[in-house]
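Student: Please read through the structure below; I'll follow up with questions.
The values are calculated or read from the model by the stated rules, or taken from the named source; none is laboratory data. For clarity, every value in this text was computed on a predicted model and none was experimentally measured. Cβ placement follows ideal geometry from the backbone for every residue including glycine, while neighbour counts extend to all protein chains displayed.
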Amino acid sequence: MTYLLQFFGVIIAMFLADVCWAYYFIKISERKSLSASIWGTSIYLFSAFTVTSYVNDKTFIIAAVIGSFLGTYCTVEYKRKKELKDKNPKDELWG
């Protein structure tokens, strides 16, 4: 695997792992044990790829940090916008 392909693979894996972390905590707070368990399992699936990558090359830690930031930021923004839209369904009709 070329370096850049693996670098972006680590970014995507950490992005997905952080999305999973966010939803894991959401489901925990909602007391939904099955959903939380599925999200928790997904965390380790995506994190395993990341860890095995940066064990071999420490520069992939930078990719992991980028993916982690983007995953959490995008998930929280998505949830925030979805909640705003759910509160104001009339606003959707008028743009």
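Student: Say whether the condition of being modelled with pLDDT of 90 or more, surrounded by fewer than 16 Cβ atoms within 10 Å (Cβ to Cβ) and not aromatic (Phe, Trp, Tyr) is met by at least one residue in the range 14-28.
Tutor: Among the residues of the range 14-28, at least one is modelled with pLDDT of 90 or more, surrounded by fewer than 16 Cβ atoms within 10 Å (Cβ to Cβ) and not aromatic (Phe, Trp, Tyr), which makes the answer yes.
Student: Here is a check on your reading of the model: is SER53 touching a residue at least 12 places away in the same chain (Cβ under 8 Å) and among the hydroxyl-bearing types (Ser, Thr, Tyr)?
Tutor: It is true that SER53 is touching a residue at least 12 places away in the same chain (Cβ under 8 Å) and among the hydroxyl-bearing types (Ser, Thr, Tyr).
Student: Among (1) assigned to a helix (DSSP H, G or I); (2) more than 23 Å from ILE61 (Cβ to Cβ); (3) without any contact (Cβ under 8 Å) to a residue 12 or more places away in the chain, there is one condition LEU4 misses while meeting the rest; what is its number?
Tutor: The one condition LEU4 does not meet is (2).
Student: In addition: Cβ-Cβ distance below 8 Å, separation of 6 or more or different chains: which pairs start in the range 75-95 with a residue that is closer than 26 Å to VAL19 by Cα and surrounded by 10 or more Cβ atoms within 10 Å (Cβ to Cβ) and end on one that is acidic (Asp, Glu) and modelled with pLDDT under 90?
Tutor: LYS85/ASP91; LYS85/GLU92
Student: Taking the residues in the range 53-74 that are among the β-branched types (Val, Ile, Thr) and either outside any helix (DSSP H, G or I) or more than 24 Å from TYR23 (Cα to Cα) (or both) as candidates, determine which candidate is modelled with the lowest pLDDT.
Tutor: By that ranking, first place goes to VAL55.
Student: Restricted to the range 20-50, and to residues that are in contact (Cβ under 8 Å) with a residue 40 or more places away in the chain and among the aromatic types (Phe, Trp, Tyr), which residue is nearest to GLY9 (Cα to Cα)?
Tutor: Filtering first and then ranking leaves PHE49.
Student: Can I ask one more? For SER35, indicate whether it is surrounded by 13 or more Cβ atoms within 10 Å (Cβ to Cβ) and farther than 21 Å from TYR3 by Cα.
Tutor: yes
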